[in-house]
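Report on the following structure.
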Amino acid sequence: MSNQATPEKIAIIGISCLFPGATTPDEYWNQLINGVNTTSNATATQFGADPTVYFDPERRTRDTTYSLRGGYIHTQMVDDLAALDKASAWSLYVAREGLRHSGYLNQPDVLSRCGLILGSLSFPTQESHELIAPIYTPVLEQAIADLIGIDDFRLLPNGESASTEALTSPTTLVTQRLGLGGTAFSIDAACASSLYAISLGCATLRTGQADLMLTGAVSAADPLFVNMGFTHFGAYPDQGASRPLDVQSDGLISGEGAGMLVLKRYSDAVRDGDTIHAVIGGMGLSNDGRGKHPLTPNSRGQTLAFQRAYAEGVNPRSVQYIECHASGTPLGDKTELNSMDEFFYDSKTLPRIGAVKANLGHLLTVAGLASVLKVILSMKHNQIPATIGVEHPLTSGRFGAAQIVRQNTAWLESDKTAGINAFGFGGVSAHLILQSPDPALSQSAPHTPTPRLAIVGMDAHFGGCDGLDAFARTLYDGKQHFIPLPPKRWKGLADQAPQAAYIDSFEIDFLRFKFPPREDDQPTPQHLLLLKVADNAVLDAQLAEDSHVAVIVVLETELSLHQYRSRLDLSWQIKESLARQGIQLDSDLSELEQIAKDAISPPAQVNQYTSYIGNIVSSRVSALWNFSGPAFTLSSAENGVYKALQVAQHLLADDTLD
């Protein structure tokens, strides 16, 4: 992996979770061993209104879904967590409980050298939507009042008034509340986010820049927004049943939750007498590179992740069990089995396999953590829980019914080794190897040196500066690029917008980036601009295609997503607001509703919705150049660029990365 032949192993000394129906690892284990399906139908708590408003099983109506099933959290936060938005509350809960489980909660000297890396989708939350949606309300109310001829029309609020903490990064809040002194940032690697966070946490420990790391993920995006996305992608099962590793499964069930690991260098954990629950024996990260579509899985990246993980010194022959990513989508599950069959064929290894998404649904960024905790608990209890719901086992090559754990099965080997898969949109792949503790590993290894960085390629587009030459001329001439707000921007706030260095327009080669020439279905401007600038920087660096290159993009949530989310609210807001005010219309309500919806946001299309997924932009850069290194986005507010450079140092300590 790095400049040292075999990097020091990393110990897992604390675990915690907040999963559907489980607030502790013990509760989670009871669910698994008893074969409980914890998914449920959405309620008004999840969707912000009666879910039937959005339900159309025949898929005939815009702004509706054909599935209400999900892995939802129904646990109410209490005490100091109750006033926080879900993303922050759940993150703080699992971070605090993880530290409590490790024995290091409320130990300032230790926590001053503890960092946090959190996987999180770059999506709005319910609370951030409640905070931002009222911005658009006066404009909508005036437009509707003009249409119906009633001056004092008022829309019902979108929800309770949220605190401005809803816009605070969960990593910032957790760091402040727990007194963490190490690095802290969020990443979005789609459904592989939690394993990416673990890998980056291991790298931070090996460089000596932290002595303790909290690594985990939270899936607390607005459930209705998530549901509409998977509806547009056609990812939900038509009949409402998702059965991972079953031939007849035809879709996934999305979910929410949070999980956390406390990591420490293995030798330090042995020295300090920590309880070691498992050892991280290897990690492999990759990207598919050039594939058919950002949402289509590819065996190339998955196999690369396997190869890179086992290159860290673990023999594939030692693997007894693989916890699959398997989410229940036919192509995804089949591709995963194909990849495993291809990789493990040479070692003549045929491990048992299973998938926890049958119990919880697909927890998105947290999916990998659910798998990791399942394996850790299975090691502890010497038993692998059954993968429920498999009636017609999926088969690929040597993997089939005999390998799928369909009943609780003893795991009696004293030296346990397991692999865990996590794959995400954009061709993001990760494979983690877990081993039972081994006293022979306690010898420490020197810290991995962080290399000096050389900047070999650049491009920029700042305000009116399109390119490096324009930027240099601006600095030389002392030119200021402040302009009035361009038209059709900042809906609801246009009259209040100050002059600033806005980007009015830019040119992009749609043919090069392989976007269809459809004006009504294009990625967001933020997505397109980043692609253009990244492509120019790669050209400037003269990088070769097909290289082992990582792509890290600093990105915050695209706030225009709230316009689309407000469009969805109008499905109930107009009707209920009119009824509450005793207003009866002579004309068709659906026509009024459609006009109002189109005024705030056009209906979502596949390409547009795909660009809402933060990590897709980094994966598109990888796809354009067929890069195979890890690709993800990073969020840390104004510190994002510096954190990205720090991560780049850690990744480049792996001397196989180009």
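The values are calculated or read from the model by the stated rules, or taken from the named source; none is laboratory data. Since we're looking at a predicted model, the values are computed, not measured. Here the Cβ positions follow ideal geometry from the backbone for every residue, glycine too, while neighbour counts run over all protein chains shown. Surface accessibility is based on the protein's heavy atoms, side chains included, excluding ligands, DNA and RNA. Shrake-Rupley method; radii C 1.70, N 1.55, O 1.52, S 1.80 Å.
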Legend entry - Yes/no for LYS334 being outside any loop (DSSP other than H, G, I, E, B), closer than 18 Å to CYS17 by Cβ and basic (Lys, Arg): no
Legend entry - Verdict on GLY313 being buried (at least 18 other Cβ atoms within 10 Å of the Cβ) and either of a type in the set (Gly, Ala, Ser) or farther than 30 Å from TYR609 by Cβ (or both): no
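Residues checked against (1) closer than 30 Å to GLN142 by Cβ; (2) touching an Asp or Glu at 6+ places or on another chain (Cβ under 8 Å):
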residue	(1), (2)
ASP459	no, yes
ARG473	no, no
GLN526	yes, yes
VAL533	no, yes
SER547	no, yes
ALA550	no, no
Legend entry - Selection count, the stretch 602-645, where residues are of a type in the set (S, T, N, Q), within 25 Å of PRO517 (Cα to Cα) and either open to solvent by 10 Å² or more (accessible area, probe 1.4 Å) or modelled with pLDDT of 90 or more (or both): 9
Inset, instruction - Go through (1) part of a strand (DSSP E or B); (2) over 25 Å from SER67 (Cα atoms) one by one and return the number of the condition GLY313 breaks. - result: (1)
Legend entry - For GLN383: the one exception among (1) closer than 14 Å to GLY354 by Cβ; (2) out of contact with any helix residue (DSSP H, G or I) (no Cβ under 8 Å at 6 or more places or on another chain); (3) surrounded by fewer than 21 Cβ atoms within 10 Å (Cβ to Cβ): (2)
Inset, instruction - Please tell me if LEU570 is in contact with a helix residue (DSSP H, G or I) (Cβ under 8 Å, 6 or more places away or on another chain) and at pLDDT below 90. - result: no
Inset, instruction - Go through (1) surrounded by 23 or more Cβ atoms within 10 Å (Cβ to Cβ); (2) part of a helix (DSSP H, G or I); (3) at pLDDT below 95 and name the single condition SER267 misses. - result: (1)
Inset, instruction - For TYR66, work out the one condition from (1) at positive phi; (2) in contact with a Lys or Arg (Cβ under 6 Å, 6 or more places away or on another chain) it doesn't fulfil. - result: (1)
Legend entry - Neighbours by Cβ (under 7 Å, 6+ apart or cross-chain): first from the stretch 142-156, modelled with pLDDT under 90; second open to solvent by 40 Å² or more (accessible area, probe 1.4 Å) and assigned to a helix (DSSP H, G or I): ALA143/ALA599; LEU147/ILE595
Inset, instruction - Identify, from the list ALA401, ALA410, ALA440, the residue that is hydrophobic (A, V, I, L, M, F, W, C) and in contact (Cβ under 8 Å) with a residue 24 or more places away in the chain. - result: ALA410
Legend entry - Scope the stretch 462-501; condition closer than 20 Å to LEU530 by Cα, of a type in the set (Phe, Trp, Tyr) and touching a strand residue (DSSP E or B) at 6+ places or on another chain (Cβ under 9 Å); matching residues: PHE471
Inset, instruction - Return a yes/no flag: does the stretch 446-455 have any residue that is in contact with a Gly (Cβ under 8 Å, 6 or more places away or on another chain) and open to solvent by 70 Å² or more (accessible area, probe 1.4 Å). - result: yes
Legend entry - Filter result for TYR104 (of a type in the set (Phe, Trp, Tyr), modelled with pLDDT of 95 or more and in contact with a strand residue (DSSP E or B) (Cβ under 6 Å, 6 or more places away or on another chain)): no
